[in-house]
Amino acid sequence: MKVTFVSISDWGNVGYLFAKSMQKVGVDAKAVIKNPHPFNYPEHAKLYEDLTSLQMLIKDTDVIVFMHTQWPGQLNLIGKRVVVFHGGSTYRKNKIGWNSFWNPKIDITLIQTPDLMGYGAKNEILFPPPVDEEMIKPVYEQTNPGTVVFAHFPRSGVLKGSQVIISSMRKIKRDRTLNQKIRFNYTKNRVSWLENLKRISTCDVYIESQQYMQGSQPLGEWGLTALEAAALGKIVVTCFQNKENYEKRYGPCPIYSSNSPNELFKVVKYLIEMPTEELIEKKRQTRQWVETQHGLKATGERLKEILLM
């Protein structure tokens, strides 16, 4: 049985990670991509030039997964099991429209976050992306003993609710009793994927994102960066509106949920005042969670069950 993950742009290198996760459990899987990724991943999907070359690459594939809602163009899919993966703003902005487009073509829909479920996707399954926990090594020690280092390095400040995070951290730092116990590292400068991992590794707590508004709709769920920070052995604080739905499928999650400025302030204050030994233990628990639930082998086993059943 052969599986191919097809992307035009493979956001977060997720298609490649899915293929790698299936290889871990003995499945003949590969990932292909039209556009090189701007974040310079050291490993990535194989490039294809056009629809003709793509058709050749999927010729012997039994299962084909189209990543990130993207449709490369007319292909011969006769006899193949077809799956689509939805996650991110492309699907979020037009869920019903994309379901009308994809549902006649597919057998299964994989949905990245709980907030995107329930809009009519065919045979939808909640399925967050994997993280390469073998490549990303944890760093548990505190960089500055006695000081809790928080960090936020957004790819997009608007999409990550950065202004809410910055305002909350300024409020914390105005408290004289807390100011001496905290450092906040923030920049919106973009760097390569490896460089971003290095700068996240120097913090104790990574604040990934906060709820923001798109029109009248509140948006916000954690993404791949939260998993990468967890794999680095960092405590993760992020928006998590649908924690109950997630835990029904994956069990208890150590991510600290924060869906408003008030919640963020309370969580940050709680972590600042946490004893060092407990802080280190929370880091270890977060790393263990990501290994168990979203590591390559764990993800590969779930995908194998879903795609090849």
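Throughout, read-outs are computed from the coordinates displayed, never taken from laboratory work. Because the structure is a prediction, the values reported are computed rather than measured. So basically every Cβ, Gly included, is an ideal-geometry build from the backbone, and we count neighbours across all protein chains shown.
Normalise the Cα radius of gyration of the range 79-165 by 2.2 N^0.38 Å (N = residues in it) and let me know the number. Write out the running numbers ahead of the final one.
On the way: Rg = 18.5 Å, N = 87, 2.2 N^0.38 = 12.0 Å.
Here the answer is 1.54, to two decimals.
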- Debye-sum result for the range 44-117 in log10 I(q)/I(0), which assumes one identical scatterer on each alpha carbon, at q = 0.13, 0.16, 0.21, 0.28 Å⁻¹: -0.41, -0.61, -0.99, -1.39
- Query: So what are the three principal axis dimensions of the chain from its Cα atoms, in whole Å, longest to shortest?
  - Reply: 66, 41, 35
- Query: Normalised by the residues of the range 134-279, what does the relative contact order come to in percent, with Cα pairs under 8 Å and at least six apart?
  - Reply: 28
- Query: For the range 173-300, what is the Kirkwood estimate of the hydrodynamic radius, computed as the reciprocal of the mean inverse distance between distinct Cα atoms, to one decimal in Å?
  - Reply: 15.7
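Starting with the fewest neighbours, write out SER162, SER7 ranked by other beta-carbon atoms found within 10 Å of each beta-carbon. Mind dumping the intermediate values first?
Values: SER162 20, SER7 27.
The order, fewest Cβ neighbours first, is SER162, SER7.
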- Message: Cα atoms only: what Rg and Dmax, in Å, come out for the range 1-80?
- Response: 11.8, 35
